[in-house]
1. About its Cα centre, what dipole magnitude does the range 56-181 give when the only charges are +1 on Lys and Arg Cβ and -1 on Asp and Glu Cβ, stated in debye to the nearest 20?
2. Rounded if a/c is under 1.5, else prolate if a/b is larger than b/c, else oblate: which is the chain, with a ≥ b ≥ c the root eigenvalues of its Cα gyration tensor?
3. Have a look at V205, I61, H215 and report the one farthest towards the positive end of the charge dipole of the chain, computed about the Cα centre with Cβ charges (Lys/Arg +1, Asp/Glu -1).
4. Which ³J(HN,Hα) values in Hz, rounded to whole numbers, follow from the phi angles of the range 108-119 under the Karplus curve 6.51 cos²θ - 1.76 cosθ + 1.60, where θ = phi - 60° and Gly and Pro get x?
5. Put a dot 7 Å past each Cα toward the Cβ at R62 and Y227; how far apart are the dots in nm?
6. Rounded, prolate or oblate: which fits the range 89-226 when a ≥ b ≥ c are the square roots of the eigenvalues of the alpha-carbon gyration tensor, with rounded for a/c under 1.5 and prolate only if a/b beats b/c?
7. Between T183 and E160, what is the FRET efficiency for a Förster distance of 41 Å, r being their Cβ-Cβ separation, to the nearest 0.05?
8. Expected output is a single nm value to one decimal: the length gained when fully extending between V46 and E116, i.e. 0.36 nm times separation in residues minus the C-alpha distance. What is it?
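Please treat every number below as a calculation from the coordinates, not as lab data. Fair warning: this is a prediction, and the values are worked out from it, not measured in the lab. Neighbour counts run over all protein chains shown; Cβ positions are idealised from the backbone, glycine included.
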Amino acid sequence: MPRNKGAELLPETAPDGSAVRTAEAIYRILRLDIAFGRLMPRQRLVESELCERFGTSNHNIRQSFELLDRAGLIERKANRGVEVRALSAAELKDLYDIRVMLQTEGARRIDLSRAEELANILAEINSAYEKALDAEDFEAAAEANDRFHLAMFDCCLNAELAELQRAYWLRASAFISRALSDTNLSRVSRIEHQKIISAIREGDVDRLVEVTVAHIRPALDVYKRLYGII
């Protein structure tokens, strides 16, 4: 069965057993909660409940909300406070279109002078990704998947473009991670990661663009099916 680490614990604890007190750590946990459906679209995030859960102050919870807001994962609504953002079909399409544009241009601007180094880094990360999928540890798989793509963005020769890729990767993380438990998607993603690594190692930019763009769509389709978005 998939592991939902710490989902039921009050308060949440860090690896050393202490309460989770930093906004960044709380943000990472809540981001995974959203990604894996423990916090559902339109579900309210109540400050007092989160303070109790994490054993921390309102200040840290509000700071974590700021990080979630920047990532496009929550909404602030009058008379309702903060709730998990629900993406419409139109918003998902717009997000997909933007990511295609960013990934296409980002792939064309990969620093191929570092091709072998990057390919080796990605191969190592992908090994961890595959092991996590085999163990059905989907949170670890999501973290490895993040590292895989962020490593690619780090090798983009245009720093502003790389930053945009990172930002939209975070915004898309809710449906990317949620879809990893789909058996067919995880099988396809392994193959596509290997194709990305091969294209980089061979310095084949056109092939890299093709595979990178094809890699985006399946997770979106699985997410729409899971939440009944037409």
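1. The dipole magnitude comes to about 600 debye.
2. On the way: a/c = 1.78, a/b = 1.61, b/c = 1.11.
Taking the square roots of the gyration eigenvalues as a ≥ b ≥ c, the chain is prolate.
3. Positive-end residue among those listed: I61.
4. Whole-Hz 3J(HN,Hα) from phi for the range 108-119: 5, 10, 5, 6, 6, 5, 10, 4, 5, 4, 5, 4.
5. Those two pseudo-labels are separated by 2.8 nm.
6. Numbers: a/c = 1.75, a/b = 1.17, b/c = 1.49.
Cα axes put the range 89-226 in the oblate bin.
7. Working: r = 38 Å, r/R0 = 0.92.
Efficiency, rounded to the nearest 0.05: 0.60.
8. Values: separation 70, 0.36 × 70 = 25.20 nm, distance 4.73 nm.
Full-extension gain reported as 20.5 nm.
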